[in-house]
Amino acid sequence: MPDSQNTNIEPQPPLIDPFGRAVTYLRVSVTDRCDFRCVYCMAEDMTFLPKRDLLTLEELDRLCSAFVAKGVRKLRITGGEPLVRRNILSLFEALGRHIDTGALDELTVTTNGSQLERFAVALHDAGVRRINVSLDTLDKAKFKAITRWGEIGKVMTGLKAARDAGLAVKINTVALKGVNEDEIEEILRWSHGEGMDMTLIETMPLGDIDGDRTDQYLPLSMVRANLAERFTLNDIAYKTGGPARYVEVEETGGRLGFITPMTHNFCESCNRVRVTCTGTLYMCLGQDDAADLRAPLRASEGNELLDQAIDEAISRKPEGHDFIIDRRTSRPSVSRHMSVTGG
Ligand code: SAM
Ligand code: SF4
């Protein structure tokens, strides 16, 4: 990516929301497109955004860098599938400079793993050290059924390439009632056996999909209770900057995280905001309030308008969300898809 005038950052006052929480973690969706069609995430015939609506990679760099100047210490690149965006490596390479200068603690990515074989070494070279790979089953046929278009073999090859490149991998598994609930123990033993942490995620009611949400929802409190019958789960203080709460599994020696937006209020310690690939800033995953950063980004070459828009948005960050799966209608309480906001 060519150097722009705004590649160097001028430190700015930190982002503190009305509840005194510092915003230090930015998740950035770089595309809403994906090479999979996971059943809980997208309809098979998803309509994607016109390419002209997307921020360019240069604009994404400018935007992320503006947040880094305002005290963001962790950047997670997500999507859609971030590694299917053309030339995405140049964004990682550009953002890697903030790791080199010490302005950023961590540059990381959430991926479905399909492209990792191709990208693992280059991601490491750009300064990425840990990645999250989403995997809900180890069974080939079930993998196909969940992702519709995915090949588990490619993900496994990608995982090996990632570890060979020196990337620490965390496996993210969405707990799905009647789909993978009887496999969670096996995925846990496998991940930990391979030296990877694992995090379990509850399904969240985001966006219209083809199926019925209430069919998929499996409370992690139940999963945890089942696992506790077979494993010793010791609560630990380990934190990755995200919303997961971790236990150490005594029998495997590995870490297991729980992300429980539905059963547990995880908002008190929220340090995160999200930007979509069109430059819309969401101050809370579970609320519709948003701020457009694309217009101020495009309005001038300097960052003054952008900085103002970010500050103004953070002053509206809500205290928390109220996800509800409406059991009469099964409609989501938030209508945008996870692939738009970025998981
Ligand atoms: N494509 C990448 C991937 O699958 O890892 C990154 C984007 S994906 C939207 C990020 C994470 O969100 C994945 O772990 C996925 O399983 C999860 N996810 C998607 N839709 C979800 C939903 N409705 N509820 C909970 N998690 C969801
Ligand atoms: Fe694609 Fe990730 Fe959504 Fe699956 S969860 S459809 S891999 S964006």
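May I ask you to give the solvent-accessible area per residue for the range 76-155, in square angstrom, as obtained with a 1.4 angstrom probe? Write out the running numbers ahead of the final one.
Working: 3100 Å² over 80 residues.
Result: 39 Å² of accessible area for each residue.
With a 10 Å cut-off between alpha carbons and a GNM built on the chain, which of ARG27, ARG163, ARG76 moves the most? Result for the chain, Cα springs under 10 Å: ARG163 fluctuates most.
On the protein heavy atoms, probe 1.4 angstrom, tell me the percent of accessible surface of the chain carried by carbon and sulfur. Carbon and sulfur: 49 percent of the exposed surface of the chain. The region of the chain that goes longest without hitting one of the chymotrypsin sites (Phe, Trp or Tyr not before Pro) in a DSSP loop, each with at most 14 other Cβ atoms within 10 Å, is 20-148.
Taken over the range 221-300, the ratio of Cα radius of gyration to 2.2 N^0.38 Å equals 1.54. If R0 is taken as 22 Å, the Cβ-Cβ distance between LYS140 and ARG118 corresponds to a FRET efficiency of 0.55. THR78 sits with roughly 0 Å² accessible to a 1.4 Å probe, with DNA, RNA and ligands left out of the calculation. Looking at the range 23-149, the pairs of alpha carbons with a distance over 18 Å make up 54% of the total. Sorting ARG298, ARG85, ARG224 by solvent-accessible area of protein heavy atoms yields ARG298, ARG224, ARG85, largest first, with a 1.4 Å probe. In whole angstrom, how far apart do the alpha carbon centroids of the range 84-154 and the range 39-65 sit? About 16 Å separates the Cα centre of the range 84-154 from the one of the range 39-65.
Taken over the range 83-189, the percentage of Cα pairs per 5 Å bin, counting from 0 up to the bin with the maximum distance, is 2, 12, 21, 21, 17, 12, 8, 5, 2, 0.
Note on ASP32: accessible area approximately 10 square angstrom, rounded to 10, probe 1.4 Å, nucleic acids and ligands left out.
Using only the C-alpha atoms, the convex hull of the chain corresponds to 127 Å³ per residue.
Mind checking the range 24-115 for GluC sites (Glu not before Pro) that DSSP puts in a loop (not H, G, I, E or B) and that have at most 15 other Cβ atoms within 10 Å? Mind showing how you got there, number by number?
Details: sites: GLU44, GLU58, GLU59, GLU93, GLU106; in loops: GLU44.
Those that pass, being in a loop and sparsely packed, are GLU44.
Summed over qualifying helices (DSSP H, 4 residues or more, each -39500 (n - 2.57)) and divided by its residue number, the chain shows a 222 nm mean residue ellipticity of -9000 deg cm²/dmol.
Heavy-atom accessible area per residue, the range 236-321, 1.4 Å probe: how many Å²? Working shown, then result.
Working: 3630 Å² over 86 residues.
For the range 236-321, the solvent-accessible area averages 42 Å² per residue.
The values are calculated or read from the model by the stated rules, or taken from the named source; none is laboratory data. Predicted model only: the values in this text are computed from it and were never measured. Glycine also receives a Cβ, built like all others from the backbone with ideal geometry; neighbour counts cover every protein chain displayed. Side chains are part of the model used for accessible areas, which takes the heavy atoms of the whole protein and leaves out ligands, DNA and RNA. Shrake-Rupley method; radii C 1.70, N 1.55, O 1.52, S 1.80 Å.
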